[in-house]
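A.B. asks: Below you will find the structure I want to go over with you.
Only the coordinates and a few stated rules stand behind these numbers; no lab work does. Because the structure is a prediction, the values reported are computed rather than measured. Glycine also receives a Cβ, built like all others from the backbone with ideal geometry; neighbour counts cover every protein chain displayed.
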Amino acid sequence: MLKIDTHTHIMPKRLPDWSSKLGYGSFIHLEHHREGAARMMQGDRFFREVMANCWDPVIRVEEYAAAGVQVQVICTIPVLFAYWAKPQDTADIARFLNDDIARTVQDDPRHYVGLATLPMQDVDLAIEELARCRDLGFSGIQIGSNINGYNLSEPRFDPLWAACAEWGMAVMVHPWDMMGKEMMGKYWLPWLVGMPAETSRAACSMVFSGVFDRHPSLRVMFSHASGAFLPTLGRIEHGWRCRPDLVAVDNPNNPRDYVGRFWVDSITHDARLMDYVLDLQGADRIVMGSDYPFPLGDLEFGKYIEEEMALEDAQMEAIFHGAALEWLGLDKARFA
């Protein structure tokens, strides 16, 4: 069976020291301190150690082949978004990161599909880079769950949604810059608590503001199985019913009506939760994802879906490639 991993991260092997070059900020750069490994440095602060599978496309294909997965949808690591920087600097960084992804895809289109990063703090620059990446053959973009604290419901982003819809560019929403992170540094809580909340924040913002109504052809995927959105949909719907004066101020429609109008990935780590998501979304709106190569991801590439869930063949095919092809606007023949 064709398997497409829609949620994987990659970075260039060499990252310029933008902090020194630009004279401000704590941009990420790499220190290659030993063979096959590098330290991600945020300015002068150690952020994380990464292995060669974070940048080497040959190693990545080999590791995926061992797991029986043929295709990787690649996008940058959210800590590289740099939305906080001067807009033109972020645009230049995005161009550098996107060019690296484009080369990887162009060198091996059977195994790679690219999602671009954009300077989201300046929508005009973002659309300019979106157009360039469309011409380079990208299938879509990856964006953060908020942009410097602004929700995705902000009217400033509407021209970008319109451009993505018109040009058929898929959108992946990934949690980042987690709200409340200053108050929960211990126990890795920003990743365990903040990330699911961030994705729900993004989904609620787009639903309540009517983004999906204004742009019905927009193809959006919320990562990590929508975070807390689908698991707390009952509460979200109840809030819409009991306090429409606070919730339904921009969109009168029930938030439950939007389930199935977007995609989510399969990163639940739990077959029971996946059953619930499947019941709500249907298999044709769930894409397989892993968050490779990071340890919090599903590095068994949906093995639990095959071994712990009694799914029909059609459901399996939808989750492992059918839904992804529709979300990305791609033909299965590309990967034959």
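A.B. asks: Local charge sum around residue 158 (other residues, Cβ-Cβ under 15 Å, Lys/Arg +1, Asp/Glu -1)?
C.D. replies: Values: positive: 156, 214; negative: 122, 124, 154, 166, 213, 250.
With Lys, Arg at +1 and Asp, Glu at -1, the net is -4.
A.B. asks: Calculated FRET efficiency, residue 308 and residue 66, Cβ-Cβ r, R0 25 Å, to nearest 0.05?
C.D. replies: Values: r = 21 Å, r/R0 = 0.83.
Calculated value: 0.75.
A.B. asks: Something else about it: Which one of 266, 195, 2 has its Cα pushed farthest toward the positive end of the charge dipole of the chain, where Lys and Arg give +1 and Asp and Glu give -1 at the Cβ?
C.D. replies: So the residue furthest toward the plus end is 195.
A.B. asks: Would you mind checking which residues have amide H under 5 Å from residue 290's amide H? H placed 1.01 Å from N; only 5 or more apart, or other chain.
C.D. replies: 6, 7
A.B. asks: Something else: If you take the beta carbon distance between residue 249 and residue 275 as r and set R0 to 41 Å, what does 1/(1 + (r/R0)^6) give as a FRET efficiency, to the nearest 0.05? Each step should come with its number before you reach the end.
C.D. replies: Working: r = 34 Å, r/R0 = 0.83.
Taking R0 as 41 Å, the efficiency between residue 249 and residue 275 is 0.75.
A.B. asks: Ordered by residue, what ³J(HN,Hα) values in Hz, to whole numbers, does the stretch 116-123 give under the Karplus form 6.51 cos²θ - 1.76 cosθ + 1.60, where θ = phi - 60° and Gly and Pro are x?
C.D. replies: The phi angles translate into 8, 10, 10, x, 5, 6, 9, 5 Hz.
A.B. asks: Would you mind putting 322-329, 220-227, 17-24 in packing order, based on average other-beta-carbon counts within 10 Å, highest first? Mind dumping the intermediate values first?
C.D. replies: Values: 322-329: 21.8, 220-227: 25.9, 17-24: 13.6.
Final packing ranking: 220-227, 322-329, 17-24.
A.B. asks: Out of residues 5 or more away from residue 170 or on other chains, whose amide H comes under 5 Å of its own, with H placed 1.01 Å from N in the peptide plane?
C.D. replies: Distant-sequence amide H within range of residue 170: 140, 141.
A.B. asks: At a Förster distance of 51 Å, what's the computed FRET efficiency of residue 35 paired with residue 257, Cβ-Cβ distance as r, to 0.05?
C.D. replies: Values: r = 54 Å, r/R0 = 1.05.
Calculated transfer efficiency: 0.45.
A.B. asks: Hey, another quick one. Classify the chain from the C-alpha gyration tensor, please: rounded if a/c falls under 1.5, else prolate or oblate depending on whether a/b exceeds b/c. Spell out each step's value before the answer.
C.D. replies: Working: a/c = 1.42, a/b = 1.14, b/c = 1.25.
In terms of gyration-tensor shape, rounded.
A.B. asks: A further question on this structure: Please work out how many pairs of lysine residues in the chain are eight or more positions apart (or on different chains) and have Cα atoms closer than 25 angstrom. Walk me through the numbers before you get to the answer.
C.D. replies: Details: 3/303; 3/332; 13/21; 13/86; 21/86; 86/181; 303/332.
Step by step, the pairs that qualify in the chain add up to 7.
A.B. asks: Sort 85-96, 232-243 by the packing proxy (mean of other Cβ within 10 Å over each peptide's residues), most packed first. Before the final figure, lay out the partial values.
C.D. replies: Values: 85-96: 18.8, 232-243: 14.5.
By packing density, highest mean first, the sequence is 85-96, 232-243.
A.B. asks: In nm, to one decimal, how far is the residue 42 label point from the residue 326 one, both placed 7 Å along Cα→Cβ?
C.D. replies: Rounded to a tenth, the inter-label distance reads 3.8 nm.
A.B. asks: For the chain, give the magnitude of the charge dipole about the Cα centre (Cβ charges: +1 Lys/Arg, -1 Asp/Glu; no others), in debye to the nearest 20. Before the final figure, lay out the partial values.
C.D. replies: Working: 31 positive and 47 negative charges, 122 e Å.
The calculated dipole for the chain is roughly 580 debye.
A.B. asks: Rounded, prolate or oblate, given the Cα gyration tensor of the stretch 182-336, with a/c below 1.5 counting as rounded?
C.D. replies: Oblate shape, in that a/c is at least 1.5 and b/c is the bigger or equal ratio.
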